[in-house]
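Step one of this worksheet: look at the structure below.
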Amino acid sequence: MYKKILASVDGSTTSKVALLQAIRLAKHETARLRLLHVTDYAGPDFDEYDYAFTEHAGDSLHEAGEAILREAQAAAREGIDRLERDMSRWYM
């Protein structure tokens, strides 16, 4: 029924529960599982003065996102043949 499943991960408990469900579904359907983490560099009050902060904080945000993806990938690796991961940066 399903050929591709997208699971967004952010490291939260809810995200981890959803990942486990996506893993079960991908195994059952022999589907491709794509893990996605999106880093939001600009909050709702972002303005041009925040750019300098964003530029410096971006590296640590990216590293944290990579760690979240590695953890999710390790959880999903067993029993899933087609596993992909993607890291996106979001700028408002």
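The values are calculated or read from the model by the stated rules, or taken from the named source; none is laboratory data. This structure is a prediction, so every number in the text was calculated from the model and none was measured. Using ideal geometry, Cβ is built from the backbone for each residue, glycine included, and neighbour counts are taken over all protein chains shown.
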Answer yes if at least one residue in the range 68-91 is at positive phi, assigned to a loop (DSSP other than H, G, I, E, B), modelled with pLDDT of 65 or more and not hydrophobic (A, V, I, L, M, F, W, C), and no otherwise.
yes
For the range 34-67, the count of residues that are surrounded by 13 or more Cβ atoms within 10 Å (Cβ to Cβ), charged (D, E, K, R) and either under 23 Å from residue 4 (Cβ atoms) or modelled with pLDDT of 85 or more (or both) equals 2
So, first residue on the phi > 0 side of the Ramachandran plot and assigned to a loop (DSSP other than H, G, I, E, B) in the range 1-13, second residue of a type in the set (A, V, I, L, M, F, W, C) and modelled with pLDDT under 95, Cβ within less than 7 Å, six or more apart or across chains; the pairs are 11/68
Output for Cβ contacts, cut-off 8 Å, separation at least six or different chains, first residue at positive phi and in contact (Cβ under 8 Å) with a residue 60 or more places away in the chain in the range 14-43, second among the hydroxyl-bearing types (Ser, Thr, Tyr) and surrounded by 13 or more Cβ atoms within 10 Å (Cβ to Cβ), reads none
